[in-house]
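A.B. asks: What follows is a structure written as structure tokens; I'll ask about it next.
Values quoted throughout were computed directly from the atomic coordinates according to the rules given, and no laboratory measurement underlies them. Please read these numbers as outputs of a predicted model, since none were measured by experiment. Heads up, the Cβs are rebuilt from the backbone with ideal geometry, glycines too, and the neighbour counts pull from every protein chain shown.
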Amino acid sequence: MQALRADWRQWEESARRSQGGLRDLLSQMALSEREFAAQAGRLEEAVQRLGGQLAAWAQGLAPADSRSTDAEVVESWRKEKETLDALVKSEQMTDEIKTQLNDLCRFSRDLSTHSSKVSGLIKEYNSLCLQASKGCQSKEQILQQRFRTAFRDFQQWLVNARVTTAKCFEVPQNISEASASLQKIQEFLSESENGQQKLNLVASKGELLCSVLPKEKAKVIQDKSTAAKEDWKNFITTLHQKKSALENLKIQMKDFEATAEPLQEWLTTTEKIVQGSSSRLHDLPSKRREQQKLQSVLEEISCHEHQLNRLKEKAQQLWEEQAVSKSFMRRVSQLSSQYLTLSNLTKEKVSRMDRIVAEHQQFSQSVKDLQDWVADAVHMLDSYCHPTADKSVLDSRMLKLE
């Protein structure tokens, strides 16, 4: 009986312990249920919050459109860049959601629903990140392509402009060539607005492109834009300098021609006068007039020597300062040769005429002296014809006659 009581007490004690264990187990199960429900609720809340944000960000992503203006493309890029930055910052939320899902795995529950939601959310997140990244890249590529097109158009215009004006930088041979080159440069400068517009397009597109690129790539674009501006500035400056040089050259050429043409005409006219001069004149006054005319021409030739020397200086100045061809030097050389020939011919004719006049004067004087002697002789003979009785007079007459 005592043994039975002991077994009974032992059984009651065991039952109480089992009851207490069951109570503890129920309590733990209830706590676990509450904890699971709380964590699952937080996970669901995080999933919904991130899902709402992803839906809002998805609306801000716009496909690239090549027909959009540069400003519209930049604005679209900024929105997508902001979305991408926000997605990158929200990556921590996806990590937290993954952690929360992993924490639920310690509960012996069916997590397929939660796992499916989280997986779908992560896929949507990754898809939006990829879409935003590609959207930014595509818009950068659109802007880069437009900048390259504008830059290439400007460079092509510059090459064509240099080819068009290349002949203007050749050495002009005369006033007409200088005038033609000057007119072409003036016309080109007046129509250079097209090039300015292309340069402005390069600058504006480069500025917009730099606003969406990282600093390293933006520096390359800025260097290209700066190079384009320098090329434009140097080209236009060179044209203006050449325009001024041609204007000065034209003035000097006109000044040269203003001196050379009258000198050439005078040489030609004077040469005809000298060549037309004749020494076959019969009377002394005509010969003296011809002598005086030739002497006047010789004096005039001497006066024109200063004009010829001045012309030589102008030609030398054109050759040294303006680097023109030697045509002006050859022109002066021809004029100098013509001048020297005329001078020598005139001196020769003056010398011959001086000799002819001197001989004629000497001959005239001899004739006059002879005429005077003949007149005296006739007068003397006439006087000897008068009769006289004086023997001494007759002897004197005989002596003179002898």
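A.B. asks: Can you tell me the length gained on complete extension of the stretch THR341 to VAL367, counting 0.36 nm per residue apart and subtracting the Cα distance?
C.D. replies: 5.5 nm
A.B. asks: As a quick test, which of the pairs LYS167/LYS242; LYS89/LYS215; LYS81/LYS229 have an alpha carbon distance above 19 angstrom in this structure?
C.D. replies: Cα-Cα > 19 Å for LYS89/LYS215; LYS81/LYS229; rest within.
A.B. asks: Would you mind checking LYS314/LYS349; LYS134/LYS217; LYS198/LYS219; LYS254/LYS347 for any pair whose Cα atoms are more than 23 angstrom apart?
C.D. replies: LYS314/LYS349; LYS254/LYS347
A.B. asks: Taking the Cβ of SER364 as the center, what net charge do the other residues with Cβ under 11 Å away carry, scoring Lys and Arg +1 and Asp and Glu -1?
C.D. replies: Neighbour charge sum, excluding SER364 itself: -1.
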